[in-house]
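Each remark here refers to the structure printed beneath this line.
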Amino acid sequence: MTSAPEPLLALSNVNTFYGQAQVHFDLSITVARGHIACLLGGNASGKSTTMKIILGLVKPRSGEVTFDGASLIGLSTPQIVRRGIASVPEARRLFADMSVRENILMGAFVRNDRDAVAQDLDRMLTLFPKLGQRLSQRAGSLSGGEQQMVAMARALMSRPRMIVMDEPTMGLSPLYVDRVLELIRTINQEGVSVFMVEQNASLALEIAHEAYVLQTGRIVLSGPARTLKDDPRVRDAYLGGSEAA
Amino acid sequence: MSSWLDYTINGLIVGNVYALVAVGLALIFGVSRLINFAQGSIYLVGAYIGWVAVVQLHTPLPLTIIVVAATAAVVGLILERFGLRPLQNSVRIAPLLATIGISFVLDQLVMLTFSPNPRALPSQLPDIRFQLGGGTIGPLDLLIAGVGITSALLLFVFLRYSKLGWAVRAASQDRDAAMQMGVDVNRVNQAVFGIAAALGGVSGMLVGMYYNQIDTAMSLQATLKGVVAEVVGGAGNVPGAVIGSLLLGLVESYGVAVFGTSYRNLFAFLLLVVVLVLRPNGLFASARQAPPEPLTGTFIAPSRPVRIPRWALAVAAAAFAILPLFPVSFYVLQTLINAWLLGMLALSLTLVAGTIGQVSLGHAALLAIGAYTSALLSLALSVPVGLAVIGGGLMSAALGTLLISPSFRLRGHYVSIATLAIGEIVSLVILNWESVTRGPIGISGIPPLSLFGYDLISPTSIYWFSLVVMVALALLQGRLLTSHLGRSFRAIRDDDIAARAYGLSLNRYKSLAFIFGGFAAGVSGGIAAHLYSYINHETFNTQQSILALTVVILGGLGNVVGAIVGSVALVGLPEVFRIAAEYRILIYGVVLLLLVRFRPQGLLGTI
């Protein structure tokens, strides 16, 4: 790897099991401060479990996970969120019966500075102008693309240092896919590091700085996104016929 | 007959009381997808705390309410922290069973502390009634309405405007996503259990004052009514629970007006069954709601069952068979006869709950059907007792399956609710169908067991008879489980969607399981009727259903040998240690709790 800045998030030699079945084999991933890193892989490669490990939803059997130099192992999900990691979960997972406004504000659950939260809500509406007319609507009634916007706004509301995203483009129309990628870039340029899990390799490699390719629980390829994009092995495995989500 | 307005007022007041219980259940279900069967016990505790405060400490009414709410809340917090939180990563059936165990323990503790005799709980309010339209209303009615409305408002404000309230709402919609927003789900659980317990406790106190009487039987009734109201309104739906409660109160009140007091509960449970069958998500759920919980795999604790060689089983059976040839006391034989009868019931339940995954909480109803059928056949139609017992088994198989069949499309905890309700309905029909069942008087003078014209009166002959019947049923069931049919049953338990995708008809296999299980339980009830010579609508009650469930879990769900071992253990050990009768139920509750916590797969392992 080239001279990347010091890592913000680092997984080293993580081994994860579901019962008898091993999901991760000596998994090591780093996300540099201020970078976008993406984790590519097909179905059942262990991508989503990697997200769950970072968020403390699944405990690894061995290995270390550090964020900004401090270990996350043993912390609960809410504690990890308070350290500055926000998430955009797979399939968005909005609170369907709460309003859009309530959903976005739920993102600020860990904060206690009411006035600044109100300002941030306004900022979200400039970042996601479409949501302005939808604020009092039930979140469950929005379209998939709009829900993705809410999920991203919700994640940003905690003023995270890092956002982890699980397949942010899944199930979206091409128009929204472009919009989401653009927004990820914007968010990143504002100083938030991003770790995203994707099946759609060509799209992810366009915006990422570094990329990892996960195959049945092992990292088989890693490096700067630019080089991976031209790597024939990635081409063969993913870019040729990227699987439907 | 008083005016319809009176019945309406009474229905709404009673509905308010139910609402206090049901709202708590809805909050807990929302966050944990758990039906808290201990809710009625907290209501009971509330009533007795109220009694202590009013009668012994002479507290003024406002203080009484605060004391009851606070104490009940503390009980709720303890229950959550020590009863349920350790089970968070356990199999999904575990918390349900734990709340059942907790409810037994709490009820028995109250009974041991205050004695089972009813007590008066004066309301401390002046006994006057105001005219209102064509009806009357008293200060206590107003108090209940006031507490109901105030609680609803407080809850609304809490959920809408407080941070913790937002966390509760978010967690009940998507627990994992809420955690990823930084919500501490343990705190949310604490909050809902505390609130639910405070409301439930106050409700128990108000009911005690309303009828000026409290006793330990209140607990189960309250749980049942709360669950009915909550499910009618849509499980987990807080406003739905309020409306469901008022509706339930009105239905009951009008039902009583038309048919009489003994029909009150029958209407409640019929309402529940109708709603479960027609709109299992409740009256107010929109159609989009997904089924409450997909059942996949983890419902019962997976384990490798203990293998017992055939010769060992044969030796054990032979040893029990020749036992009466040795000089053993009548008392030992009597105890083992009880164990064999319970064993038949446990065989039935382990098949239904363990093998095919339908956790029945109303299994005693199958005993009752078998017992009444056999008793009436032999008494009214002079059918030989041996045939009458078989008739009882067949009737249980047929009627039991017919009654449960509308609930075949339900899953998980809903099956438990439906079976509980059907069990209550059977008991209430027996109580009210006087022309056939002789109602509350019961049936006496049931002829003793006989076979081919020979009366079986000596303990030894009864012992052998029940042992042979039980072993025969066990062999049959063991054969069944190793067959193709047994595999299909387990497939349905582990993943009903996958089973259906492979072409298994859920209705057919669930029917087969209940037919077989109904027969075994009905035979057990039939034999019991001829042994007791007297039965009534309370002979086979919910306590027996729960005892059978404890036996089955002790032995290992689905495990045939385990069912018998569990029966001998739970019937025999209290006798060996000479434990007084009033402590037994307490011990069964504690056994259930310990099993769920430390050995959910039971002694011999689930199959």
Given the criterion out of contact with any strand residue (DSSP E or B) (no Cβ under 7 Å at 6 or more places or on another chain), surrounded by fewer than 21 Cβ atoms within 10 Å (Cβ to Cβ) and part of a helix (DSSP H, G or I), identify the matching residue among B:95, B:62.
B:62
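Return the only residue of A:100, A:88, A:150, A:110 being within 20 Å of residue B:178 (Cβ to Cβ) and over 20 Å from the mean Cα position of the chain (by Cα).
On the way: A:88 fails: over 20 Å from the mean Cα position of the chain (by Cα); A:150 fails: over 20 Å from the mean Cα position of the chain (by Cα); A:110 fails: over 20 Å from the mean Cα position of the chain (by Cα).
None of the others qualify; the one that does is A:100.
For the range B:417-438, does any single residue satisfy the condition of being exposed (fewer than 15 other Cβ atoms within 10 Å of the Cβ), in a helix (DSSP H, G or I) and hydroxyl-bearing (Ser, Thr, Tyr)? First the steps, then the outcome.
Here is the first cut: in the range B:417-438, the residues exposed (fewer than 15 other Cβ atoms within 10 Å of the Cβ) are B:433-436.
Checking which are in a helix (DSSP H, G or I) leaves us with B:434-436.
Those left that are additionally hydroxyl-bearing (Ser, Thr, Tyr): B:435.
Yes, the range B:417-438 contains a residue that is exposed (fewer than 15 other Cβ atoms within 10 Å of the Cβ), in a helix (DSSP H, G or I) and hydroxyl-bearing (Ser, Thr, Tyr).
Find the helices (runs of 4 or more DSSP H) located wholly in the range B:98-216 whose residues include 1 or more that are away from chain A (no Cβ under 14 Å), within 25 Å of residue B:58 (Cα to Cα) and touching a Phe, Trp or Tyr at 6+ places or on another chain (Cβ under 7 Å), and list them. Step through it out loud before you land on a result.
Values: elements: B:139-161, B:163-173, B:175-180, B:185-211.
Output list reads B:139-161, B:185-211.
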Residue under question is residue A:74, and the condition is that it be at positive phi, away from every other protein chain (no Cβ under 12 Å) and outside any loop (DSSP other than H, G, I, E, B); does it hold?
no
Which count do you get for residues in the range A:152-183 that are out of contact with any helix residue (DSSP H, G or I) (no Cβ under 7 Å at 6 or more places or on another chain) and under 24 Å from residue A:44 (Cα atoms)?
3
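Given the condition of a type outside the set (Asp, Glu) and assigned to a loop (DSSP other than H, G, I, E, B), answer yes or no: does some residue in the range A:118-129 qualify? Working first, answer last.
The initial filter retains those residues of the range A:118-129 that are of a type outside the set (Asp, Glu), namely A:118-119, A:121, A:123-129.
Of the ones still in play, those that are also assigned to a loop (DSSP other than H, G, I, E, B) are A:128.
Yes, that holds for at least one residue.
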Any chance the range B:205-221 includes a residue that's free of Cβ contacts under 8 Å to residues at least 60 places away in the same chain and under 23 Å from the mean Cα position of the chain (by Cα)?
yes
Taking only pairs six or more apart or across chains, which ones have beta-carbon atoms under 7 Å, a first residue in the range A:52-63 that is within 13 Å of chain B (Cβ to nearest Cβ), and a second residue that is in a loop (DSSP other than H, G, I, E, B) and not hydroxyl-bearing (Ser, Thr, Tyr)?
A:52/A:58; A:56/A:72; A:56/A:75
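Can you find a residue that is part of a loop (DSSP other than H, G, I, E, B) and closer than 27 Å to residue B:135 by Cα anywhere in the range B:2-15? Steps first, answer last, please.
Pass one, the range B:2-15, residues part of a loop (DSSP other than H, G, I, E, B): B:2-3.
Imposing the further condition that a residue be closer than 27 Å to residue B:135 by Cα reduces the set to B:2-3.
Yes, some residue in the range B:2-15 is part of a loop (DSSP other than H, G, I, E, B) and closer than 27 Å to residue B:135 by Cα.
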Any idea which of B:113, B:136 is of a type in the set (Ser, Thr, Tyr) and in contact with a Ser or Thr (Cβ under 9 Å, 6 or more places away or on another chain)?
B:136
Checking the conditions here, which among B:511, B:545, B:524, B:488 is under 18 Å from residue B:349 (Cα atoms), touching a His at 6+ places or on another chain (Cβ under 9 Å) and surrounded by 16 or more Cβ atoms within 10 Å (Cβ to Cβ)?
B:545
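For the range B:92-120, what are the residues that are closer than 30 Å to residue B:358 by Cβ and among the charged types (D, E, K, R)? Spell out how you get there, then give the answer.
Going residue by residue through the range B:92-120, those that are closer than 30 Å to residue B:358 by Cβ are B:92-108.
Answer for the range B:92-120, where residues must be closer than 30 Å to residue B:358 by Cβ and among the charged types (D, E, K, R): B:92, B:107.
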Counted residues in the range A:77-96 being in a loop (DSSP other than H, G, I, E, B), of a type in the set (A, V, I, L, M) and more than 7 Å from every other protein chain (Cβ to nearest Cβ) come to 2
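When residues of the range B:513-544 are filtered for being part of a loop (DSSP other than H, G, I, E, B) and either on the phi > 0 side of the Ramachandran plot or not β-branched (Val, Ile, Thr) (or both), how many remain? Steps first, answer last, please.
In the first step, residues of the range B:513-544 are kept if they are part of a loop (DSSP other than H, G, I, E, B); the result is B:533-534, B:536-541.
Right, trim to either on the phi > 0 side of the Ramachandran plot or not β-branched (Val, Ile, Thr) (or both) and you get B:533-534, B:536-538, B:540-541.
Residues in the range B:513-544 being part of a loop (DSSP other than H, G, I, E, B) and either on the phi > 0 side of the Ramachandran plot or not β-branched (Val, Ile, Thr) (or both): 7 in total.
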Specify which of the listed residues (B:485, B:475, B:467, B:547) is in contact (Cβ under 8 Å) with a residue 40 or more places away in the chain, more than 24 Å from the chain's Cα centre (by Cα) and assigned to a helix (DSSP H, G or I).
B:467
Which of (1) more than 14 Å from chain B (Cβ to nearest Cβ); (2) buried (at least 22 other Cβ atoms within 10 Å of the Cβ) is the odd one out, the single condition residue A:108 does not satisfy?
(1)
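Here are some residues: B:349, B:377. Which one is at pLDDT 90 or above and under 14 Å from residue B:514 (Cα atoms)?
Working: B:377 fails: under 14 Å from residue B:514 (Cα atoms).
None of the others qualify; the one that does is B:349.
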Condition first: hydrophobic (A, V, I, L, M, F, W, C) and either surrounded by 22 or more Cβ atoms within 10 Å (Cβ to Cβ) or not in a helix (DSSP H, G or I) (or both). Now tell me which residues in the range B:247-268 satisfy that.
B:248, B:268
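Could you tell me whether residue A:34 is more than 10 Å from chain B (Cβ to nearest Cβ), touching a residue at least 12 places away in the same chain (Cβ under 8 Å), part of a loop (DSSP other than H, G, I, E, B) and surrounded by fewer than 22 Cβ atoms within 10 Å (Cβ to Cβ)? Spell out how you get there, then give the answer.
Details: more than 10 Å from chain B (Cβ to nearest Cβ): yes; touching a residue at least 12 places away in the same chain (Cβ under 8 Å): yes; part of a loop (DSSP other than H, G, I, E, B): yes; surrounded by fewer than 22 Cβ atoms within 10 Å (Cβ to Cβ): yes.
Considered against the rule, which asks whether it is more than 10 Å from chain B (Cβ to nearest Cβ), touching a residue at least 12 places away in the same chain (Cβ under 8 Å), part of a loop (DSSP other than H, G, I, E, B) and surrounded by fewer than 22 Cβ atoms within 10 Å (Cβ to Cβ), residue A:34 comes out as yes.
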For the range A:120-162, which positions are small (Gly, Ala, Ser) and within 14 Å of another protein chain (Cβ to nearest Cβ)?
A:136, A:139, A:140, A:141, A:151, A:153, A:155, A:158
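The values are calculated or read from the model by the stated rules, or taken from the named source; none is laboratory data. Source: prediction; values computed, not measured. Heads up, the Cβs are rebuilt from the backbone with ideal geometry, glycines too, and the neighbour counts pull from every protein chain shown.
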